[in-house]
Amino acid sequence: MTNPEVAILMLSLFIVLVLCGFPVAFTLLAMGVGFGYYAYLDAGSIQTIADAFSNNIFYLLNQNTYSVMENDTLVAIPLFLFMGYVVERANIVNKLFYSLQMAARNLPGSMAIAALITCAVFSTASGIVGAVVTLMGLLAFPAMAKANYDKSFASGVICAGGTLGILIPPSIMLIVYAAIAELSPLRLYAAAMLPGLILAGSYIIYVIIRVMFNPSIAPKPRAEDVPPKRVIYWNLLTSFVPLTALIMLVLGSILGGLATPAEAAAMGALGGLVLAGLYRSLSWGMLKDSVYLTAKATAMVCWLFVGSWTFASVFSYLGGHEIIEHFILGFELAPWQFLVLVQLIIFLLGWPLEWSEILIIFVPIFLPMLDAFGVNPYFFAMLVALNLQTSFLTPPMAMSAYYLKGVLGSAIELMDIFKGIMPYLAIVISVMVLMYQFPGIALWLPDVLFGKYIP
């Protein structure tokens, strides 16, 4: 077996093991070390037991671990995670949802619109898809079911809205992408603003049009259930405004060049604690849980990076990247054909894998080819970011659907959830097509803020 063939075997075996349910981070690490030991092995130099452990894979593993720990960009991840967990436990979201549904009472599907906006705001604050879908499933779905909303329609709203935090800054996914592709997180945040707003706006427009044509799926609230306007305004002032202001402050400081993502994340974490205190939700138990969950999630992210960088280094050393690059370039594709092919591959990978595995393992395979096809790396990043939304919305492995089913149990069937999310999957793909036709959607704002990109 030649080294490139071993590399392809390595990649194929990884996919099989992940599909079998093995932990991704430690599977990457184990396979990287195992195949790396073979790749760097010099059998003739092994004379003693000590010589058997004198292999460059151990040096590579040590260096990758050190590189992850000292990466300035990745420092922002635990801080953003902590901010999200604090906000989640501060009882802000339920007040936010209630105030928004009352404010939107005159719009068709007011409760669904409120759920989408709440999901967008909360997901940008937390960046944790599972947490957003789970919490909104416990909060918004029972409220919509009580209001006689169609269950499939309601579940689709929650699942789609819960994924918006992947794209809309300050996104943890974009932080990870910046570290992998060695791009500016500031430009990535700026590039993601318009696509994120267009996607969220498209969801809301779809809800309004759908309810206008079929009002029975989302009945209007009864007059006796609507509080006085002063109560509505007060609820908006005390729920929507503080959290939105915190997010805007964090994002504005990054885009304005006043703070790095890590510094802004630290400010956001402090702001989350202040909000929790103002809402009288700050306690030692809540703080301890938030710190524990942050440490747990951060540790997994770190090991995921260590494992993936080790895996990718060995894969490249064996000639895996080279053979795939030569294979694709051999077709002599036009740039648009290359983009369509890559996005189709990522879309299919989204069935069995989550965004983190796709981003860390497979995207680096295609990054070296961007120059050959003349593709702007920030434009490519936005296509990938939009496409990764589909990994949570594509049956039969739509993770957002399983998150929702997990908290609702017998209250809804899985097929009903799948039925509800399909229109939103179509919307994501439509926005991708729109952005391909008009690249300025992704590139205009970063060029305005930071100057035209020069490779």
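General remarks:
So that you can scan it fast, the table gives a plain yes or no per residue for (1) in contact with an Asp or Glu (Cβ under 9 Å, 6 or more places away or on another chain); (2) among the polar types (S, T, N, Q); (3) in a loop (DSSP other than H, G, I, E, B); (4) free of Cβ contacts under 8 Å to residues at least 12 places away in the same chain:
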position: V87; (1), (2), (3), (4): no, no, no, no
position: A90; (1), (2), (3), (4): no, no, yes, no
position: V93; (1), (2), (3), (4): no, no, no, no
position: Y98; (1), (2), (3), (4): no, no, no, no
position: P108; (1), (2), (3), (4): no, no, yes, no
position: A112; (1), (2), (3), (4): no, no, no, no
position: I117; (1), (2), (3), (4): no, no, no, no
position: A120; (1), (2), (3), (4): no, no, no, no
position: T124; (1), (2), (3), (4): no, yes, no, no
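- Every test in (1) among the hydroxyl-bearing types (S, T, Y); (2) in contact with a helix residue (DSSP H, G or I) (Cβ under 8 Å, 6 or more places away or on another chain); (3) farther than 30 Å from W309 by Cβ is passed by S216 save one, and that test is (2).
- Residue satisfying all of: in the stretch 363-375; within 21 Å of the chain's Cα centre (by Cα) and under 22 Å from V433 (Cα atoms); surrounded by the fewest Cβ atoms within 10 Å (Cβ to Cβ) among these: L367
- Residue that is surrounded by the fewest Cβ atoms within 10 Å (Cβ to Cβ) [pool: residues in the stretch 400-449 that are within 24 Å of C119 (Cβ to Cβ) and among the charged types (D, E, K, R)]: E413
- Considered as a group, the residues in the stretch 202-227 that are among the small types (G, A, S) and surrounded by 12 or more Cβ atoms within 10 Å (Cβ to Cβ) include one that is farthest from A120 (Cα to Cα), and that residue is A218.
- In the stretch 66-94, residue farthest from R280 (Cα to Cα) [restricted to those that are buried (at least 18 other Cβ atoms within 10 Å of the Cβ) and not aliphatic (A, V, I, L, M)]: T73
- Residue match in the stretch 353-367 (condition: within 30 Å of M144 (Cα to Cα) and touching a helix residue (DSSP H, G or I) at 6+ places or on another chain (Cβ under 9 Å)): yes
- Given (1) modelled with pLDDT of 90 or more; (2) under 30 Å from G451 (Cβ atoms); (3) over 24 Å from the mean Cα position of the chain (by Cα), index of the condition L199 fails: (3)
- Of the residues making up the stretch 145-157, just one is under 14 Å from F97 (Cβ atoms), surrounded by fewer than 24 Cβ atoms within 10 Å (Cβ to Cβ) and not small (G, A, S), namely K146.
The values are calculated or read from the model by the stated rules, or taken from the named source; none is laboratory data. Because the structure is a prediction, the values reported are computed rather than measured. Cβ sites come from the backbone with ideal geometry, for glycine too, and all protein chains shown count toward neighbours.
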